Every structure is written in structure tokens, then in C-alpha cells.
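FYI, it's all coordinate maths here, none of it is from the lab. Bear in mind the structure is a predicted one, so any value in this text is a computation, not a measurement. Every residue, glycine as well, gets a Cβ built from its backbone with ideal geometry; the counts of neighbours run over all protein chains shown.
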Amino acid sequence: MKPKTMRDSLQQGIYKVINPFVRMLIKLGLTPNAITTIGLILNIGVAVIFIAGAEEGHRGDFTWVGWAGGLILFAGLFDMLDGQVARLGNMSSRFGAMYDSVLDRYSEMIMFLGICYYLVAHHYFLSSIFAFIALIGSMMVSYTRARAEGMGVECKGGLMQRPERVITIGVTALACGITAGMIGGDYKLYIPGIPFHVFETMTIFTLPLTILAILTNITAVGRLREAKKALDAKDQLHQQGSKGTLIALALVAATSLTLAHQPAQAAPSGDSKTQHFPVPPVDSKLLFYVQRTSNANTIMYELNLKPDGSLDEENPVHPYWIRYTEQGQKAELNFIQRKYAYGVKTRPVTNTNGNPTWEVLFVSYKKKPLYLTKSADKKYHIYTTINNKMQILNSVWVQIEGGTFWVPNVVYVELKGTDPATGKAVVERFNP
């Protein structure tokens with residue numbers, strides 16, 4: 001389970017505040033794409049205010065900057081609303097995610113266009129250069145993540161992600177406008193012995209822009225280094241491999257290929273060769289587990305719960321080991337196992353039963369979907385097709401007999417589950 005960061009805690013706190021408003025928007029029939037479009041229109045309004053301030057205002061008049069800052073914050077609220085409307089309204093879609101990402105980039109570039117225009121028009125040339133550098137950094141933070149994820153690598157770290165950028169620019173612009181009304185737009189602070197002023201009213205807005213220019217580019221470079229580390233590990237995996245990883249990949253791939261392409265035949269549970277293996281402890285969080293002939297160590301998949309007991313909707317499934325061949329201790333998957341073998345990726349999907357539902361896919365193979373949702377007992381279970389019917393999955397067994405280190409001979413894969421309608425145990429065996 002990933003440690004909960006301060007950023008995550010703050011985000012969840014904001015969601016609790018805005019969720020009633022989100023539900024109202026859903027009742028009004030607004031879609032996530034419509035809300036994203038409203039956010040773009042508001043950011044166009046931000047640029048218009050800055051440009052109008054450049055043309056109509058004078059150098060010491062920061063009223064325009066203050067109004068633009070307030071609108072930036074209001075427009076930024078829609079960045080959070082569209083995602084929450086998609087999640088709470090079960091309206092998530094692949095195109096919606098892409099539409100949101102593209103319009104966010106347009107919104108940010110249009111906002112910076114207005115800022116740069118204002119600074120140049122009022123002869124803040126050095127500040128306009130830093131604003132442009134901040135724009136470059138902002139775009140590269142987003143681009144490095146998108147490019148890395150396109151190559152199968154998660155890349156979300158860094159200090160200046162989009163919410164932080166919006167809040168920084170919006171708050172400082174608003175503060176600049178308010179402060180100018182109190183101390184005047186022409187205020188300058190001098191220190192004896194220094195021939196130029198070290199602070200002026202506009203510094204409230206331009207200094208954070210300078211810091212933003214530095215931090216966004218540091219974040220982009222940091223993401224590039226993070227992606228390099230992951231991609232190098234992936235390349236090493238393909239070129240050389242390690243014993244544990246190769247076996248894991250081979251077994252998962254073989255399991256998935258078998259499930260996807262081979263005819264099914266039922267097998268009685270007493271015929272299974274899994275009985276000599278330890279049975280993992282069952283608790284309210286366990287969803288299913290995977291075992292295989294060559295190793296008694298078991299991969300467990302359980303609900304990923306937050307400290308308050310609620311489900312982590314961003315990462316609802318937590319895989320980990322029970323190391324039976326050692327001291328029976330729990331252990332997290334290592335980086336390569338999590339990213340390329342036994343880890344899972346989840347995404348919310350539209351459902352018809354009114355319950356939150358996620359598609360769950362092994363990272364190493366995506367043709368055999370599992371589904372996490374609540375059953376009639378009001379508990380979460382993993383569902384998949386067993387004997388051509390959606391059943392609750394309890395365990396997966398991979399039977400290996402011979403073969404080579406590189407290509408193990410998978411004799412069959414056995415799924416064990418429960419029929420949700422009757423409560424009876426069901427078994428399906430696939431022969432390769």
C-alpha cells in the first residue's frame with residue numbers, strides 16, 4: 001500500500017467539501033466534458049482580463065491582476081470538478097480523460113499568454129521571460145508524464161503539478177491586486193547601501209512566477225530521471241532478466257494466454273494438486289490469491305483500504321507476497337514484479353447495478369479482465385468468467401511440469417470460485 005502523502009490528504013479533504021456540489025451538477029445533467037469545457041472558457045476569460053489590463057490599465061494599476069487571480073482560482077476548481085463528476089457519476093471514459101488532458105494544456109497556455117502579454121506591455125521584461133520559462137516547465141511536466149505513461153511507465157512525482165501551479169499563480173495574483181489597494185501599486189522597498197529597490201508591489205506576483213519557472217523545470221527533469229530508471233529496468237528485464245522475474249512473467253503470461261485462448265473444462269476440486277500447499281488466511285480484505293507448482297510463496301490480492309477504513313478508489317487492489325518458503329512473512333512486490341509481472345492496473349467502469357465497479361488487469365497481460373464490485377452481501381469481490389459465467393474468483397493455481405527455465409511447461413491453470421447465485425464452489429481448468 002502506498003503511503004498517504006499530505007497532498008493526498010489535502011485532496012481528499014477538498015473532495016469531501018465539493019462532493020455535494022458535484023452531486024448537484026450530476027443531477028443537473030452536466031457531463032465531465034462539459035465541465036472541462038467551462039474551465040477552458042474561464043481561462044480564456046483570464047487571458048482577456050490580463051490583455052485588457054495591459055491595454056487599458058497603467059503600470060501601477062494591479063486591479064486587473066487581482067481580478068485575473070480570482071478567476072484563475074475559480075477556473076481551477078473546474079479541474080477538480082470534472083474528475084469527480086466522472087467518478088461519482090460513473091461517467092469515466094478514455095476519451096474523457098484525453099479531452100480533459102488536452103483542454104488543460106490549452107487552458108494553461110492561454111493563461112500564460114495573458115500573463116506574458118501583461119508583463120511585456122508594462123515593461124516587466126525580465127519577469128516576462130521567467131513567466132515564459134514557467135510555461136515551458138509546466139508543459140514539460142505534463143509531457144514527460146504523458147510520454148512515460150505511453151511507454152508503460154507511471155510518472156506522477158514532483159512538486160509543481162497542475163493543481164499547485166494553478167493555486168500558486170491564482171493566489172499570488174489575487175494577493176498582488178489586494179495588496180496594491182492597501183499600499184499602492186508604486187510601492188518600492190529600498191535597503192540602505194543597495195542602489196536599487198529590492199521589493200515592489202508587483203514582486204508579490206512576479207517572484208512566485210520566478211520560483212515556478214525553476215521548480216516546474218526541476219520537476220520535469222526529475223520525472224525524466226524517474227522514467228529513465230523505470231525504462232532501464234524494463235530494458236534490462238527484456239535483455240537479461242532475473243530468475244524470479246522471468247518465472248513470474250512466464251507464469252502470468254502463460255496463465256493469461258491459457259485463460260484467453262484455450263477451451264475450458266470443469267474439474268472436481270478433489271482432483272487439484274494444490275492441497276499440499278498452505279492455504280492463506282482469509283479475512284474481510286482478501287479478494288483472491290495466486291499459487292503455482294514451482295514455489296509455495298503466494299501472491300495475495302486484497303482490498304486497499306485507507307486508515308479510516310474506506311476503499312482507496314485510486315488504487316483499490318493491493319498485491320503482496322506471503323513468503324511461505326521463508327518465515328511466512330508478508331512482503332511487498334518489488335519494483336519489477338509490481339510494474340511488469342504480478343501488479344495490477346485498475347480503472348473505474350460504468351456499471352448497471354449502482355455499485356462502484358473497477359476493471360482489474362494484470363500489468364503483464366490485459367486480455368483476461370477481472371472486475372471488482374460489491375455483491376449481494378454488500379462486500380467487495382473479484383468477478384471473472386468461470387465455466388462461461390461471471391463468478392466470484394477465490395484463487396488461481398498454475399500447474400507446471402517440466403519445461404525449461406525460460407519456458408516452463410504449464411500443464412493447466414485452475415480457477416476456483418463461488419457461484420454468487422447459489423453459493424456453491426465452482427472450478428474451471430484450462431489445458432494449454
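Observations
- Residues whose placed amide H lies under 5 Å from that of VAL317, excluding near-sequence neighbours: ASN304
- Shape analysis of the stretch 6-238 places it in the oblate category; the axes a ≥ b ≥ c from the Cα gyration tensor give an a/c of at least 1.5, with a/b not above b/c.
- Site pair LEU224 and VAL198 shows an inter-label distance of 3.5 nm when each label is modelled 7 Å from Cα along Cα→Cβ.
- Sorting the segments 35-42, 419-426, 209-216 by their mean number of nearby beta carbons within 10 angstrom, highest to lowest, gives 209-216, 35-42, 419-426.
- Bridgeable aspartates and glutamates around LYS379 (alpha carbons under 13 Å apart, same-chain partners fewer than 8 residues away excluded): ASP283, GLU302.
- Karplus-derived HN-Hα couplings along the stretch 277-294 (A = 6.51, B = -1.76, C = 1.60, θ = phi - 60°), whole Hz, x at Gly and Pro: 8, x, 8, x, x, 9, 9, 5, 8, 5, 9, 6, 9, 10, 10, 8, 3, 6
- Burial ranking of peptide ranges 226-232, 173-179 (average Cβ count within 10 Å, highest at the top): 173-179, 226-232
- Other-chain or far-sequence residues with amide H under 5 Å of ASN297's (modelled H): TYR324, THR325
- Applied to the stretch 185-195, the Karplus parametrisation 6.51 cos²θ - 1.76 cosθ + 1.60 on θ = phi - 60° returns per-residue 3J(HN,Hα) values of x, 9, 5, 9, 10, 10, 10, x, x, 9, x Hz, with x for Gly and Pro.
- Under 5 Å, built H, 5+ apart or other chain: amide partners of PHE288: TYR301
- Linear extension gain, GLN329 paired with ASP61, 0.36 nm per residue minus alpha-carbon span: 89.9 nm
- Extension gain for ALA421 to VAL282 (0.36 nm times residue separation, less C-alpha to C-alpha distance): 47.9 nm.
- Too-long pairs where the Cα-Cα distance tops 26 Å, listed order kept, from LYS27/LYS156; LYS374/LYS416; LYS156/LYS378; LYS27/LYS374: LYS27/LYS156; LYS156/LYS378
- Between ILE38 and GLU149, the contour length at 0.36 nm per residue exceeds the Cα-Cα span by 37.3 nm.
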